[in-house]
Amino acid sequence: MQTLAESNHEHGPSDPAAEHNGKNPEHQIYQQLDDLSHAICNGSLAEVQHILGSIPDQSFLSREVPRECYRSQERSHQWPSGHVLHIAAAKSSVDMMQLLLKYGADIHATSSPTEYRPLHFAVQYGKPLNVEALIRSGADVNLTNKCCCSPLHIAVVNATHPSIVRILLDHGAEVNETLLSSVLSTRSRDWPQTRTATTKIVKMLLEKGALLSDPGKVQTAFEKFLEPWIPSHFWYDDINEDEKWCFSFFLSAGVCVQTATKLTSCRQSGGKSLAHTLLFHTPGSGLAGMLIEKTSLGVGESGPFILHTVLESCSRKTIDQSDIPAAEMIKILLERGVDPNLTRDGFTPITRLLTKKTDLDVRACLCALFVRADPIRDQHGHVPVFEAIRNFEDPLRLALAEMFIPKSYFWPSSLWPISESWTLYTSEDFKKSLFRYLPTDVQAHFLKAIINVSTTKALKLYTTATGESQPSLILDALKVRKEFDLPAFQFPQEYIEKLLTPTTETFLPRVLPDRYSTPRVEQREPMPWPPRQSNVQTPTSSANVWSSIHRFRDSPTLFDYSTS
């Protein structure tokens, strides 16, 4: 670019009279550029059209406009140094840019000294419509300036217009880890003013592959993503959907859930880990379920670590009704392929559940584990069924012992399965053979569980609706259950109905009258009186008395006038 001073130096000093009269070519060009630039900033499309139409040689459009022209003292506009298309991209509308392009403006013209192109200016000044128009007109989205910054890099660093980032990405802008690191730094520095915009940009970059499969870079980016939340204890309360999406992405990309995080102050052993924090200290946020469902299980031992953390629970945890129950978490982890027999600190998942004092639903969790887990002895010598009997009280102890009966490997297989012949298990021979495999403190409770299983099977068989009632056998089984202090047996409704159904008419219930009907009063027919055989004429007064006597049902004893 040739400046005014260079031109004067090359062609000699200018004539003051010629300058005053406007006959100096350089001054004429500068005047035209000045008028055109101010018209562009004013948004006067008609004025720009008039200026361009009045100049036959359009080569001046390739000249760079000075930052302040000699007539700028009379005007209020300031513009960045560059060509008129740069000014239009930064200050004006799409129609203005299209008009300049029509008259031959260079869409890839560079400004000095930064070597910005019009697309850089449109991005820098936050003009999404201009960005879209320039790209559709042929602007290259990946051309860089003197500092090797692409338009996308400028948009990410500014982090104020996610829509521009979306336009650039949709038109093929290249992404890398540097861009992600830049927007994460802006997010931490300008939190919470730029929280929404930067989170949207982070999401868009992750969707376009800004992170590769390098676990170290994933972990670094995730820790940078968490930084703004560290000072807040209740950071999870207002986490938005875009931030949840980013959480899910990082978990599935291989974030290490065993590492310590600064998001919680839990003092329990292992309470600093990311898995512990998300499981027990983010109630109602949905992050616990996200950890279970989205965490990459191929990184280290994430799956078994999460499983053991769920079973270990936390005495200081806070829960919400919307949180997934522990048994459901276990089920999901096993369905995703987590091995329920892998140990951690010498404990298997089953022995950890039975030996640690937690507030979990032990029976539900054990049912979920039994889908694939084996009740084997752990490295500390804990036998699951023994720990279940020692560490719990009835009725939960009885229920847990019954669950282990078909899985107990330490007693002869000839004794399995438990049959309905409960008399076999009350004999002394059976007790001696069984107690050889059991410690003293669990013998009685294990036998009690066997008797419960056997008598329950027998009573179900005796009380089937299709079978014949056997009262004596039922009574004997109930007596045995009472001797072993077993819970009351719940008879099936069909059996009770069959038992109460009468077999003869003598037991038919009396039909009771409707409680709202008028009571019935039985009335007896009046007894007929035999005709009186008497010649004595009864006085009139006596006849009235006689007629009133007929109102009585039983004949009263009267004086017989015939014998007087």
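All of Ser137, Ser150, Ser112 fail the test of being at pLDDT 90 or above, surrounded by fewer than 16 Cβ atoms within 10 Å (Cβ to Cβ), over 21 Å from Leu226 (Cβ atoms) and of a type in the set (Gly, Ala, Ser), apart from Ser137.
Residue-wise test of (1) crowded, with 22+ Cβ neighbours inside 10 Å; (2) touching a Lys or Arg at 6+ places or on another chain (Cβ under 8 Å).
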{"position": "Ser252", "(1), (2)": "no, yes"}
{"position": "Thr261", "(1), (2)": "no, yes"}
{"position": "Ser265", "(1), (2)": "no, no"}
{"position": "Lys272", "(1), (2)": "no, no"}
{"position": "Thr277", "(1), (2)": "yes, no"}
{"position": "Phe280", "(1), (2)": "yes, yes"}
{"position": "Leu291", "(1), (2)": "yes, no"}
{"position": "Thr295", "(1), (2)": "yes, no"}
{"position": "Gly298", "(1), (2)": "no, no"}
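If you check Ser469, Ser413, Ser433 for being at pLDDT below 90, under 26 Å from Arg363 (Cα atoms) and surrounded by fewer than 16 Cβ atoms within 10 Å (Cβ to Cβ), only one passes: Ser413.
Can you find a residue in region 330-343 that is within 19 Å of Tyr236 (Cβ to Cβ) and touching a helix residue (DSSP H, G or I) at 6+ places or on another chain (Cβ under 8 Å)? So far as region 330-343 goes, no, none of its residues is within 19 Å of Tyr236 (Cβ to Cβ) and touching a helix residue (DSSP H, G or I) at 6+ places or on another chain (Cβ under 8 Å). Taking Val385, is it in contact with a helix residue (DSSP H, G or I) (Cβ under 8 Å, 6 or more places away or on another chain), touching a residue at least 60 places away in the same chain (Cβ under 8 Å) and surrounded by 15 or more Cβ atoms within 10 Å (Cβ to Cβ)? Spelling it out, Val385 is indeed in contact with a helix residue (DSSP H, G or I) (Cβ under 8 Å, 6 or more places away or on another chain), touching a residue at least 60 places away in the same chain (Cβ under 8 Å) and surrounded by 15 or more Cβ atoms within 10 Å (Cβ to Cβ).
Can you find a residue that is modelled with pLDDT under 90 and hydrophobic (A, V, I, L, M, F, W, C) anywhere in region 448-458? No, region 448-458 contains no residue that is modelled with pLDDT under 90 and hydrophobic (A, V, I, L, M, F, W, C). Is at least one residue of region 302-321 within 13 Å of the chain's Cα centre (by Cα), at pLDDT 95 or above and among the hydrophobic types (A, V, I, L, M, F, W, C)? No: zero hits. Are any residues in region 344-374 closer than 18 Å to Leu398 by Cα, under 26 Å from the mean Cα position of the chain (by Cα) and surrounded by fewer than 21 Cβ atoms within 10 Å (Cβ to Cβ), and if so, which ones? Those that are closer than 18 Å to Leu398 by Cα, under 26 Å from the mean Cα position of the chain (by Cα) and surrounded by fewer than 21 Cβ atoms within 10 Å (Cβ to Cβ): Leu360, Asp361, Val362, Arg363, Ala364, Cys367, Phe370. Considering only residues that are modelled with pLDDT under 90 and either of a type in the set (Asp, Glu) or not in a helix (DSSP H, G or I) (or both), which ones fall in region 193-217? Within region 193-217, Gly209, Ala210, Leu211, Leu212, Ser213, Asp214 meet the criteria. Of the helices (runs of 4 or more DSSP H) lying entirely inside region 270-370, the ones with 1 or more residues being over 17 Å from Gly254 (Cα atoms) and of a type in the set (A, V, I, L, M, F, W, C) are found at 274-280, 302-312, 326-335, 349-355, 362-369.
Of the numbered criteria (1) exposed (fewer than 14 other Cβ atoms within 10 Å of the Cβ); (2) farther than 29 Å from Ile319 by Cβ, the one Arg377 fails is (1).
The rows are residues; the columns are (1) closer than 22 Å to Pro113 by Cα; (2) at pLDDT below 80.
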| site | (1), (2) |
| --- | --- |
| Ala39 | no, no |
| Glu47 | no, no |
| His50 | no, no |
| Arg67 | yes, yes |
| Arg71 | no, yes |
| Glu74 | no, yes |
| Gln78 | yes, yes |
| Val84 | yes, no |
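Note on region 136-192: residues that are charged (D, E, K, R) and under 16 Å from Lys203 (Cβ atoms) amount to 4.
For Thr455, the requirement of being more than 36 Å from the chain's Cα centre (by Cα), β-branched (Val, Ile, Thr) and either under 26 Å from Pro325 (Cα atoms) or surrounded by fewer than 19 Cβ atoms within 10 Å (Cβ to Cβ) (or both) is not met. So which residues in region 447-462 are hydrophobic (A, V, I, L, M, F, W, C) and closer than 13 Å to Ile418 by Cα, if there are any at all? Passing the criteria: Leu447, Ala449, Ile450, Ile451, Val453, Ala458. Among the numbered conditions (1) closer than 29 Å to Asp476 by Cβ; (2) at pLDDT 95 or above; (3) not aliphatic (A, V, I, L, M), the only one that Cys365 does not meet is (1).
The values are calculated or read from the model by the stated rules, or taken from the named source; none is laboratory data. Computed from a predicted model, the values in this text were never measured in an experiment. When we count neighbours, we look across all protein chains shown, and the Cβ atoms used for this are built from the backbone with ideal geometry, even at glycine.
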